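Below: the structure, in structure tokens.
The values are calculated or read from the model by the stated rules, or taken from the named source; none is laboratory data. It should be emphasised that the depicted structure is a prediction, and the values quoted were computed from it without experimental measurement. Surface areas here come from the heavy atoms of the whole protein model, side chains and all, with no ligands, DNA or RNA. Shrake-Rupley method; radii C 1.70, N 1.55, O 1.52, S 1.80 Å.
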There are 2 protein chains.
Amino acid sequence: MANRTVHRKAKEYRWEGVDELPYKEDGRALFKSVTRQVLFSDPELRGELRYFEVAPGGFSTLERHRHMHAVLVLRGRGHCLVGTEVRPIETRDLVTVPPMTWHQFRATAGEPLGFLCMVNAARDKPQLPSADELAVLRRDAKIAAFLRNEPA
Amino acid sequence: MANRTVHRKAKEYRWEGVDELPYKEDGRALFKSVTRQVLFSDPELRGELRYFEVAPGGFSTLERHRHMHAVLVLRGRGHCLVGTEVRPIETRDLVTVPPMTWHQFRATAGEPLGFLCMVNAARDKPQLPSADELAVLRRDAKIAAFLRNEPA
């Protein structure tokens, strides 16, 4: 994965020499219309920088993990859930996902939501919520509306 | 430095709760008109994400170090020197600075150059070129022109 090419040009939100990885959707509808590009990953770097793009109306997986996410919105707008907070987010906003915190990103209907996400190169796998954990989240009306794609 | 505020809004290229640190200029003119904002730095993160802004006509320090730089241009345009390569760069381009490689970023005359830079949280201090090392760099006409702020 290490790419030491000094200069990689961008065409809009696609980068030279970087694969765009679509997430394979399955019947569980855990996420919708998300692509990923790994911008920086190198044995010498302890962090990785990835770019995710969520198509209009799409959403990332609702998950949690031990490692943190450090997010900068690069384009568009949407909402995020982090723990029990639902927030409208727009270009250049920063979002911090602390360890073991449920989180999800949703694009607005009208435009894609693109964001950079810095993580540790060495990190644990995401955990998905159980039915019980989802039920607990949904007890909060604000979170339930977010999960129905109807943020206030 | 750890800031676990979940959501920090941006106003243009200034972020809520983030100090903007001007670099103190001294008589050596090692850099010109550069500010820094540390966007993400946390004991749980092995990387740090900083935003640097170089005012029109300004430039970052010419330096090298053991740690790598992973750069994404967030606004504007300019030129960079990485090793012996001088490249025009513009918004969203990626620049990789390998270990122990001389590098410098220069903004064009007309607009600021803003870029994100991911580094390891644990890293060595930058080294400045000696007079001899500078002389060697300047033997390359392309690099000499870049250092005079007159990239081709």
Give the B-A buried accessible area in Å², both sides summed, 1.4 Å probe, nearest 100. 4100 Å²
Provide, in order from the shortest bin, the percent of all Cα-Cα pairs of region A:68-136 in each 10 Å bin, continuing until the bin that contains the maximum pair distance. 19, 48, 30, 3
Using only DSSP helix segments of four residues or longer, with each worth -39500 (n - 2.57), what per-residue ellipticity at 222 nm results for chain B after dividing by its residue count and rounding to 500? -2500 deg cm²/dmol
Karplus-derived 3J(HN,Hα), 6.51/-1.76/1.60, for each residue of region B:104-121, Hz, glycine and proline x: 7, 10, 10, 7, 5, 5, x, 8, x, 10, x, 9, 7, 9, 8, 9, 5, 4
Hey, in the GNM for chain A with a 10 angstrom Cα cutoff, which one of A:Leu113, A:Leu45, A:Leu94 fluctuates hardest? A:Leu45
Percent of alpha-carbon pairs separated by more than 26 Å within the protein assembly as shown: 46 percent
Ignoring any ligand, DNA or RNA, what whole percent of the accessible area of region B:18-152 comes from carbon and sulfur when the probe is 1.4 angstrom? 51 percent
Output wanted: per-residue J couplings in Hz (rounded whole) for region B:8-14, from phi through Karplus 6.51 cos²θ - 1.76 cosθ + 1.60, θ = phi - 60°, x for Gly and Pro. 10, 7, 10, 10, 6, 10, 10
Residues losing 40 Å² or more accessible surface upon assembly, region A:108-128, compared with the chain by itself, 1.4 Å: A:Met118, A:Asn120
Return the whole-Å distance between the Cα centroid of region A:26-66 and the Cα centroid of region B:91-152. 31 Å
According to the square roots a ≥ b ≥ c of the eigenvalues of the Cα gyration tensor, what is the shape class of region A:27-152, taking rounded for a/c under 1.5, prolate for a/b larger than b/c otherwise, and oblate for the remainder? oblate
In percent, how large is the relative contact order of region B:51-152, given Cα pairs closer than 8 Å and 6 or more residues apart? 37 percent
For chain A: accessible area per residue (Å², 1.4 Å): 47 Å²
I'd like the Karplus ³J(HN,Hα) series for region A:37-42: coefficients 6.51, -1.76, 1.60, θ = phi - 60°, whole numbers in Hz, and an x wherever there's a Gly or Pro. 10, 8, 7, 9, 7, 7
